[in-house]
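Bear in mind that the values in this text are calculations on the coordinates, not laboratory data. Note that the coordinates shown come from a computational prediction; the quantities given were computed from them, not determined experimentally. Here the Cβ is made from the backbone with ideal geometry for all residues, glycine too, and neighbour counts use every protein chain on show.
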Amino acid sequence: MRGPLPTFAVIALLALVAVPLARGEEGAEQTRETYKARVEPICKANRRANERIMSGARKRVNRNRLKPAGRQFIHLSRSFGDLLRRLVKVPPPETDMRRIGRWLHSIKLLKARVRLVGRYYLEGLKIRGNHEAIHAQRAAISANNTTVPLHFRYCRFSGVEG
């Protein structure tokens with residue numbers, strides 16, 4: 001006899017099989033290695049862009065061409081903002097939630113500091129800009145120190161010099 005019971009059983013069986021398959025990627029446990037594999041290409045692309053953005057900035061500051069250097073630093077700040085938006089989308093491993101949160105906070109601070117460097121240079125305030133560049137350097141070091149256990153290669157920040 002064909003009734004609703006066999007049809008319901010088939011649908012229930014398919015649902016039991018389909019739900020774990022649908023959750024496959026999001027339900028999988030994120031590890032440090034998988035997080036690093038997802039984040040490093042983002043950082044690598046950002047690092048290349050930042051190198052292009054900042055080429056010649058130190059020479060401009062040393063030659064007192066502060067306005068073009070200030071625009072470079074503001075552009076760099078926007079680049080860090082883009083990086084931050086992309087990094088936030090990658091779910092961190094459960095065991096490193098606090099560490100990644102501190103790292104993202106340090107990047108946000110670095111972005112703000114770099115923007116201030118640019119603003120000071122645009123205003124012609126070289127000493128204040130240099131002082132703020134030191135603070136930005138400290139934020140970069142803090143971000144790097146936070147992620148030591150993750151063994152990042154491209155997600156490490158080099159000096160922000162004014």
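Among the GluC sites (Glu not before Pro) in region 39-136, those placed in a DSSP loop whose Cβ has at most 15 other Cβ atoms within 10 Å are Glu123.
The HN-Hα couplings worked out from phi for region 111-126 by the Karplus form 6.51 cos²θ - 1.76 cosθ + 1.60 (θ = phi - 60°) are 4, 5, 5, 5, 4, 4, 4, x, 5, 5, 5, 4, 7, x, 9, 5 Hz, whole numbers, x standing for Gly and Pro. Pairs of lysine residues in region 31-150 that meet both criteria, 8 or more places apart or on different chains and Cα atoms under 30 Å apart, total 20. Couplings 3J(HN,Hα) of region 38-43, computed from phi: 7, 8, 4, x, 5, 5 Hz, in residue order, whole Hz [Karplus 6.51 cos²θ - 1.76 cosθ + 1.60, θ = phi - 60°; x for Gly and Pro]. The fewest-to-most ranking of Arg98, Arg60 by surrounding Cβ atoms within 10 Å reads Arg98, Arg60.
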